[in-house]
Amino acid sequence: MDFVAIDFETANGSRNSACSLGVVIVEQGRIKDRRYSLIDPKTTFQRYCTYIHGITERAVKGAPTFSDIYPVLFEMLNGKVIVAHNAPFDVAVLKASCDGRGLAMPAVDPFCSVEMSRVAWPELPHHRLNSLAEQFNLELKHHNAIGDATACAQLVLICAEQFGANNIIELRGMLAIKNRRNKEEAKRNKARMEAEAVALRAIERDAALRQEANGLALV
């Protein structure tokens, strides 16, 4: 099981405002390396974003820019499966950060652990990263990029172990089968509930007719 888990935090609503990055490298089903860096986005910080992750403009003063970390990041990500909790967001940040500086986007194969968890564990009430970390007893400093990336990597490894998958390709296939079964079960449950509702209405209707026939009209 080889992949790279990532997590970006942004300074504002723009995808091109990465202010921190966590990278967790998984090889043969084990966490091999973890990297973290603050990033100076050279842009303004929105109060709401700072409230979420705690990073301020002062905190990133003197930190490397995205262009500074790009050579190492490209080498770590290019040609790899990258895992993230809400992967479309993190991939969009990566792409916007590259595009905004005229840098080549690494060739990545995204895998979303949110979608994975929804299919793998549909019985859970929530599939947010902090809820899943609590469910599986994982330590998590939420909205800290390396903390989120580490928890994300651990969740994928837990899921792969439960499904007996040796790699992401196998896990995708098993999740596709599980997703189809989940949908079929949901369809059966819906049909059963509808049938029970019809039967209940019929019972109530018959009871009302019997009471009316006995001169005990319902109020």
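The values are calculated or read from the model by the stated rules, or taken from the named source; none is laboratory data. This is a predicted model, so every value here is computed, not measured. All Cβ positions, glycine included, derive from the backbone under ideal geometry; neighbour counts span all protein chains shown.
As a summary of the residue check, Gln135 satisfies the conditions (1) over 14 Å from the mean Cα position of the chain (by Cα); (2) farther than 25 Å from Asn78 by Cβ; (3) surrounded by fewer than 15 Cβ atoms within 10 Å (Cβ to Cβ) except for the one numbered (3). Taking (1) surrounded by fewer than 16 Cβ atoms within 10 Å (Cβ to Cβ); (2) in contact with an Asp or Glu (Cβ under 9 Å, 6 or more places away or on another chain); (3) assigned to a strand (DSSP E or B) in turn, Val81 satisfies each apart from (1). All conditions in (1) modelled with pLDDT under 95; (2) touching a Lys or Arg at 6+ places or on another chain (Cβ under 9 Å) hold for Leu157, with the sole exception of (1). Selection of region 31-44 for residues being without any contact (Cβ under 8 Å) to a residue 40 or more places away in the chain and not aliphatic (A, V, I, L, M) yields Lys32, Asp33, Ser37, Asp40, Pro41, Lys42, Thr43, Thr44.
Specify the residue that is farthest from Ala149 (Cα to Cα); the eligible residues are those in region 85-115 that are hydrophobic (A, V, I, L, M, F, W, C) and without any contact (Cβ under 8 Å) to a residue 24 or more places away in the chain. Selected residue: Met105.
Could you tell me which of the residues Asn167, Asn137 is within 30 Å of Tyr51 (Cβ to Cβ) and modelled with pLDDT of 95 or more? None of the others qualify; the one that does is Asn137. Every listed requirement among (1) assigned to a helix (DSSP H, G or I); (2) modelled with pLDDT of 95 or more is met by Ala202 save one, (2). The single residue among Glu115, Glu139, Glu123, Glu184 that is assigned to a loop (DSSP other than H, G, I, E, B) and farther than 30 Å from Thr56 by Cβ turns out to be Glu123. Evaluate region 91-106: report whether one residue or more is on the phi > 0 side of the Ramachandran plot and either surrounded by 15 or more Cβ atoms within 10 Å (Cβ to Cβ) or assigned to a helix (DSSP H, G or I) (or both). Scanning region 91-106, I find no residue that is on the phi > 0 side of the Ramachandran plot and either surrounded by 15 or more Cβ atoms within 10 Å (Cβ to Cβ) or assigned to a helix (DSSP H, G or I) (or both), so the answer is no.
Looking for whichever is under 24 Å from Val156 (Cα atoms), out of contact with any Pro (no Cβ under 6 Å at 6 or more places or on another chain) and aromatic (Phe, Trp, Tyr) here; the options are Phe66, Phe74, Phe45, Phe89. Which one fits? None of the others qualify; the one that does is Phe89.
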